[in-house]
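One structure is given below, encoded as C-alpha cells.
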Amino acid sequence: MSVNNFGDIEKEFSDFEKSKVVILPVPYEATTTYGKGTKEGPKAIIDASRNMELYDEEIDSEPYKIGIHNLKEFREGFGNPQKMIKALADKAQGLFSLEKLVIALGGEHTITLGMVEGLRKRRKDFSILILDAHADLRNSYEGTKYSHACVTRRLIDNYQIIQVGIRSLCRKEADFIKKRNLKLFYAKDIIGKKDWMKEAISRLPDKIYLSIDLDFLDPSIMPAVGTPEPGGLGWYETLKFLRLLTKEKEILGVDVVELCPTPLDISSSFTAAKLIYKLIAYSATT
Ligand SMILES: [Mn+2]
C-alpha cells in the first residue's frame, strides 16, 4: 500500500485511524483557462513527496510521526461543478468530524468551495486565508460562476476572507474591492517586507481554513501553474509567514491547488510537496 502514499511513509505512521493528517487528492479540472493539466497535480505532488527527506532540519524533528494518511482520489460529481462541490462537501464534512487536519490536493481552485462548505457544516467559527496571485473576484467567467477565476467571489458574502499575494485582477474586480472596502495584501506591498505578516494574522480569528493557490509563489520557484504571474512570494518568506500563522492560529483545513505539472519542470512538484510537509511540520510543533 505504499503506492500513492504521501511521503512514502511506513504503515505505522500512515494508518488512517492513527493519523492526525489526511491527504485528499481531488484531481478536478473543468474550467482552467490557459495552461491545462492541473488534474495531474495531486499525483505529481504525491510522487515528488515520496522522494523527500522526512526529517525537518529547521525544527529538528520527524513531523510524519504524527501520522499522515493518504486517502484515495476523490472523483465524485466531476461532470458538473455544483455536483462536485456538494459531493466534496459531504466527503470533507465526514473527515472534519474526525478532528483530523484535512489537506486537499487540487486540481483547480474550485475545489475550495466544496472543502469550505464541508467545514461549515461542522462549525461556523472560522475565516478563510487565501494565498493567490489572482483576486478570483469575478462574478462569472467564460459563462460559469464556478470557474477557478470566481472562487473568492463565491465565498466573500458568507465568510471573512484575507487574501495574500494578489497581483492580477481586472477593472471590475478592482471596483468590487473598492465598493466592498476589502483589505487585500497585494504582492507589491509585502514582498521583502515583514510587518504585513503580523497584520494579516491579527485580522484573522483563532481558527482558519487555508487555501493555497500555488501561483501565489514567484514563478521562478513555481513555474508549473496554469496562470503564472511575475512578482510572487519567495520560499523563505512564505515559510516564515506559515510558521507565524501556525503559532498563532489553528488551521482546520487546507487545500493546495493549481499545480500544473510539466515534464520539463520537476522542481515545482517537489516545491509543492515540501511546502505541504513544512505546513504539517509547523502544525505538529504547536
Ligand atoms: Mn491563482
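Listed values, structure above:
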{"read-out": "Restricting region 133-143 to residues that are in contact (Cβ under 8 Å) with a residue 12 or more places away in the chain and closer than 18 Å to D157 by Cβ, the residue that is farthest from the ligand (Cβ to nearest atom)", "value": "N139"}
{"read-out": "Those residues of region 247-280 which are assigned to a strand (DSSP E or B), modelled with pLDDT of 95 or more and closer than 17 Å to K43 by Cβ, in sequence order", "value": "D255, V256, V257, L259"}
{"read-out": "Residue within region 243-266 that is of a type in the set (D, E), touching a His at 6+ places or on another chain (Cβ under 7 Å) and within 16 Å of the ligand (Cβ to nearest atom) present", "value": "yes"}
{"read-out": "Qualifying residues in region 175-230 (those that are in a strand (DSSP E or B) and touching a His at 6+ places or on another chain (Cβ under 9 Å)) - the one nearest to the ligand (Cβ to nearest atom)", "value": "D213"}
{"read-out": "Residue among G94, G41, G37, G107 that is more than 25 Å from L233 (Cα to Cα) and of a type in the set (G, A, S)", "value": "G94"}
{"read-out": "Output for region 120-132, where each listed residue is away from the ligand (no atom under 15 Å from the Cβ) and part of a loop (DSSP other than H, G, I, E, B)", "value": "R123, K124, D125, F126"}
{"read-out": "Residue in region 207-220 that is closer than 24 Å to S127 by Cα and either over 16 Å from the mean Cα position of the chain (by Cα) or surrounded by fewer than 19 Cβ atoms within 10 Å (Cβ to Cβ) (or both) present", "value": "yes"}
{"read-out": "Filter result (part of a helix (DSSP H, G or I) and either surrounded by fewer than 24 Cβ atoms within 10 Å (Cβ to Cβ) or within 16 Å of the ligand (Cβ to nearest atom) (or both)) within region 90-114", "value": "D90, K91, Q93, G94, L95, F96, I111, T112, L113"}
{"read-out": "Selection status of G7, crowded, with 22+ Cβ neighbours inside 10 Å and more than 23 Å from R123 (Cα to Cα)", "value": "yes"}
{"read-out": "All positions within region 165-208 that are out of contact with any helix residue (DSSP H, G or I) (no Cβ under 6 Å at 6 or more places or on another chain) and among the aliphatic types (A, V, I, L, M)", "value": "I166, L169, A174, I177, L182, L184, A187, I191, A200, L204, I208"}
{"read-out": "In region 142-164, the residues that are assigned to a strand (DSSP E or B), of a type outside the set (A, V, I, L, M) and crowded, with 19+ Cβ neighbours inside 10 Å", "value": "Q163"}
{"read-out": "Neighbours by Cβ (under 6 Å, 6+ apart or cross-chain): first from region 46-71, under 20 Å from K240 (Cβ atoms); second surrounded by fewer than 18 Cβ atoms within 10 Å (Cβ to Cβ) and not basic (K, R)", "value": "I59/T285"}
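The values are calculated or read from the model by the stated rules, or taken from the named source; none is laboratory data. It should be emphasised that the depicted structure is a prediction, and the values quoted were computed from it without experimental measurement. With ideal geometry, Cβ positions are generated from the backbone for all residues, glycine too; neighbour counts draw on all protein chains shown.
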